[in-house]
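Worksheet for the structure shown next.
Every number in this text was worked out from the coordinates using simple rules, so none of it is lab data. As the structure is a computational prediction, the values presented were derived from the model and not from experiment. In this analysis, Cβ positions are derived from the backbone assuming ideal geometry, glycine residues included, and neighbour counts consider all displayed protein chains.
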Amino acid sequence: MKSRSNITQEEIDQIINGSIACHIGLIDKDGLPYVIPFNFAYKEGRLFIHSAPEGKKIEAWKKNPKVCVAFSTDYKMRIQSEKIACSYSMRYRSVLIHGEVVDIPGYDEKIDILNFVMEKYSGNSDFTYSRPAVENVKVMEIKIGRVEGRIYGY
């Protein structure tokens, strides 16, 4: 079975953009691992998320902004022999991004990023927003550090 961990930037971009959601791993205020799903936008090599302005993850990021973001796509069971359990494996494509969460405080920049997110999920990037909605949402960029990718079975 072919497994590649040295994948191209084009493949990385395809995996990220082909993912419906990402899962972000962080360390909570008690020092315990904590993983949560997010909607996101990945535009021109930059990764953006949004959330409520307060809560467990926000408190954790104030203490430690480092995160690991997981993306995965194209799961497909591969079976060599139906009677042999160890001959079953899962094909997939995945990317991990290690980085840091950074707040985006500017009103206009928040709208631009929210439009990126809306474009990913709706195909449209021309939306209007009420001022209170924009002021009461937290918009963040994951400053990308190390990137790892793997393609297994394709």
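A few points about this structure:
- Placing pseudo-labels 7 Å out from each Cα toward the beta carbon at SER130 and ILE27 gives an inter-label distance of 4.0 nm.
- 0 to 90° range, to nearest 10: angle between helix 107-122 axis and the chain longest Cα axis: 30
- For the cross-link pairs LYS76/LYS138; LYS56/LYS138; LYS43/LYS110; LYS120/LYS143; LYS56/LYS76; LYS56/LYS143, the ones whose C-alpha atoms lie over 24 Å apart are LYS76/LYS138; LYS56/LYS76.
- Computed packing ranks the peptides 19-27, 59-67 as 19-27, 59-67, most packed first, by mean other Cβ atoms within 10 Å.
- Placing dummy labels 7 Å off each Cα toward the beta-carbon, the span from ILE58 to SER122 is 2.3 nm.
- Angle of helix 9-18 to the longest C-alpha principal axis of the chain, folded into 0 to 90 degrees and rounded to 10: 70°.
- Stokes-Einstein, applied to the Kirkwood radius of the chain over Cα pairs at a viscosity of 1.306 mPa s and 10 °C, places its translational diffusion at 93 µm² s⁻¹.
- Applying 1/(1 + (r/R0)^6) with R0 = 35 Å to the Cβ-Cβ distance of GLU82 and ARG146 gives a FRET efficiency near 0.35.
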